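One structure is given here, and the rest of the page talks about it.
The values are calculated or read from the model by the stated rules, or taken from the named source; none is laboratory data. Keep in mind that this is a model prediction, so the values were computed, not measured. Cβ placement follows ideal geometry from the backbone for every residue including glycine, while neighbour counts extend to all protein chains displayed. Just so you know, the surface numbers come from the protein's heavy atoms only, side chains and all, with ligands and any DNA or RNA stripped out. Shrake-Rupley method; radii C 1.70, N 1.55, O 1.52, S 1.80 Å.
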Amino acid sequence: SLIRRIKGVPGIEEVVLTSNGHLLADYAGALAQAGLDGVNISIDSLRPERFKAITRGGNIQRVIAGLDAAITAGIPKIKLNTVAIANFNDDELIDLVQFSVDRGVLLRFIEFMPIGADTIWEGGRCLPARQIREVLGREWDLEPEGFEVGAGPARYWRLHPKGSLGSPDDKLPRVGLIAAVTECFCDACNRIRVTA
C-alpha cells in the first residue's frame, strides 16, 4: 500500500525499493502490481556461510528465491548491490558478475565505506574500484560508459568478450561501480535516501 500511495504523488517519477531480499519471494508479485519501478537487492556473497556471516544470519537461498520472484513478477529495474571487501569477497567478483549476467540483471559493486553506527572503519578493507576493474579485466574487456543521466552514483562499464572491444553491442551486459571512497562522485550525486 505504501508503494501504491507514493506512486500516486504528483511529481514522483520513480519508486525503487532497496531490500535484503529475504521476504521478496512472498511479496514480489504484489509489489509489481502496486507499480514498483525497481528493486535493489544486496548480495555480498554467493557462498552460504560467508553470506550468513556478513548478514548476521542471512540465507542466500531465500535471497536468490526473492530475486527470481522479482524477475518472474516483471519488476522493471532489478539491480544487485555488492559491497566489495578486500580479503572477504574479493575472490567472488567474477562469479557475482556471471551470476547477474545469467539472470539478466545489473550488478553494482560498492566500495566499502565508513557509514552506519555499527561500522568499524578499516581502510584496508576497502577494495578500490581500480582493483575491481583489474579483476574483471581478466575475464572481460571493459568499455567505460560513465554515469547514466539522472540515475545516481554508479559508473557503468560494458563487458565485452575478450578480444572484442570496440565492436558496438548494446545487448552486452554491464556492471556498475560505486566508488565513493577512491573516485569521489559527490558533486554529481542526485540521491535522497529515506529510512525508517
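When you filter the chymotrypsin sites (Phe, Trp or Tyr not before Pro) in the stretch 4-100 for DSSP loop state and at most 14 other Cβ atoms inside 10 Å of their Cβ, nothing is left.
Averaging Cα coordinates gives a centre for the stretch 1-71 and one for the stretch 88-112; these two points are 17 Å apart. Counting only lysines at least 8 places from residue 52 when in the same chain, those with an alpha carbon closer than 22 Å to its own are 79.
Inter-label distance, residue 164 to residue 26: 4.2 nm, where each label sits 7 Å from its Cα along the C-beta direction. Here's how it looks for residue 77: its modeled amide H is under 5 Å from those of 38, 39, which are all 5 or more places away or on a different chain.
Between residue 62 and residue 1, the FRET efficiency estimated from the beta carbon spacing at R0 = 25 angstrom works out to 0.60. Here the spin labels are modelled as points 7 Å beyond Cα on the Cα-Cβ line, and at residue 13 and residue 37 they lie 0.7 nm apart. Heavy atoms of the protein chains alone define the surface here; on that basis the stretch 1-146 has 53 Å² accessible area per residue at 1.4 Å probe size.
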